[in-house]
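K.L.:
Before we start, here is the structure in question, set down as structure tokens.
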Amino acid sequence: MMTKLDEIAPRIYRLSTFVPEIGPTGFTFNQFLLDDDEPLLFHTGFRSMFPLVREAIERVLPLDRLRWITFGHVEADECGAMNDFLAAAPLAQVAHGALGCMVSLNDMADRPPRPLADGETLQLGTLRVRHIDTPHVPHAWEARVLYEETTSMLLCGDLFTALGDGPAITNDDIVGAAAEAENVFGASSLAPSMPATIERLADLEPRTLALMHGSSFAGDGAQALRALAKFYADRISAL
């Protein structure tokens, strides 16, 4: 395996590792590095991927400069290498929603995490990220996303999960690809609140959607999110 590195916005990098054995056409695991005065990593990848992800980060900056370790929810592919990064970056701190810290991360993280209130921001320097709670969307009680306010980029976690190994960034349909992956994996919680939660994210009007599994999307993010909300509303109503 190898980890590809692409700059998808000024000083925002997508790190992508393709695993061909997962699913019918393979599956990507993506991290996002925000390079600023206080660098932030969104997703760590599995522990087994730590050497690959570390090498990719170090093409941009020394790993010991990392200040914030973040992820969408508590799951091995999202935060499996969390403590490896804490060991390698002495100034780094995990930052997550207050619920995730209380339920899991206060115990799991080798250093105390920084709990974030819904809507709280971290000023990284030029870049600024806002924490948004999205419980059970797409899955996990402590799920959340981050919104980078200066570039209007939504770091989506597992929303819009897609199969295969596409380009780093696309303006193609990502809702159809997400529907295909949902048909294969059935990974979403399908909570009654799901469409409304996604509609609230659409109100941010993001210009870029950074996906953990699949190509990032450049274009009308609000339209894509509303189409995704409708897809889930239809699926929930059919249960």
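K.L.:
For residues that are under 16 Å from Gly157 (Cα atoms) and free of Cβ contacts under 8 Å to residues at least 40 places away in the same chain, tally how many sit in the range 201-221.
P.N.:
1
K.L.:
I've got another one for you. Residues being over 16 Å from Leu91 (Cα atoms), crowded, with 24+ Cβ neighbours inside 10 Å and of a type in the set (A, V, I, L, M, F, W, C): count how many of those fall in the range 58-75.
P.N.:
1
K.L.:
Take the range 203-239 and flag every residue that is assigned to a loop (DSSP other than H, G, I, E, B), open to solvent by 40 Å² or more (accessible area, probe 1.4 Å) and among the small types (Gly, Ala, Ser).
P.N.:
Correct list: Ala238 only.
K.L.:
In the range 116-135, how many are among the hydrophobic types (A, V, I, L, M, F, W, C), in contact (Cβ under 8 Å) with a residue 60 or more places away in the chain and farther than 17 Å from Ala92 by Cβ?
P.N.:
Of the residues in the range 116-135, 1 are among the hydrophobic types (A, V, I, L, M, F, W, C), in contact (Cβ under 8 Å) with a residue 60 or more places away in the chain and farther than 17 Å from Ala92 by Cβ.
K.L.:
Which count do you get for residues in the range 147-202 that are of a type in the set (D, E, K, R) and open to solvent by less than 30 Å² (accessible area, probe 1.4 Å)?
P.N.:
3
K.L.:
Give just the number: which of (1) free of Cβ contacts under 8 Å to residues at least 60 places away in the same chain; (2) under 15 Å from the mean Cα position of the chain (by Cα); (3) surrounded by fewer than 21 Cβ atoms within 10 Å (Cβ to Cβ) does His139 not satisfy?
P.N.:
For His139, the failing item is (1).
K.L.:
To continue, here is another question. Could you count how many residues in the range 165-191 are in a helix (DSSP H, G or I) and in contact (Cβ under 8 Å) with a residue 12 or more places away in the chain?
P.N.:
Residues in the range 165-191 being in a helix (DSSP H, G or I) and in contact (Cβ under 8 Å) with a residue 12 or more places away in the chain: 9 in total.
K.L.:
With (1) open to solvent by 10 Å² or more (accessible area, probe 1.4 Å); (2) within 26 Å of Arg11 (Cβ to Cβ); (3) over 17 Å from the mean Cα position of the chain (by Cα) as the list, and Ala98 as the residue in question, which single condition is left unmet?
P.N.:
Among (1) open to solvent by 10 Å² or more (accessible area, probe 1.4 Å); (2) within 26 Å of Arg11 (Cβ to Cβ); (3) over 17 Å from the mean Cα position of the chain (by Cα), the lone unmet condition for Ala98 is (2).
K.L.:
Tell me which residues, restricted to the range 222-239, are more than 18 Å from the chain's Cα centre (by Cα) and in contact (Cβ under 8 Å) with a residue 40 or more places away in the chain.
P.N.:
Ala227, Phe231, Tyr232, Arg235, Ile236, Leu239
The values are calculated or read from the model by the stated rules, or taken from the named source; none is laboratory data. Only a predicted model underlies this, so the values are computations on that prediction, with no experimental measurement involved. Please note: Cβ atoms are built from the backbone with ideal geometry, for glycine as well, and neighbour counts cover all protein chains shown. Side chains included, ligands, DNA and RNA excluded: accessible areas come from the protein's heavy atoms. Shrake-Rupley method; radii C 1.70, N 1.55, O 1.52, S 1.80 Å.
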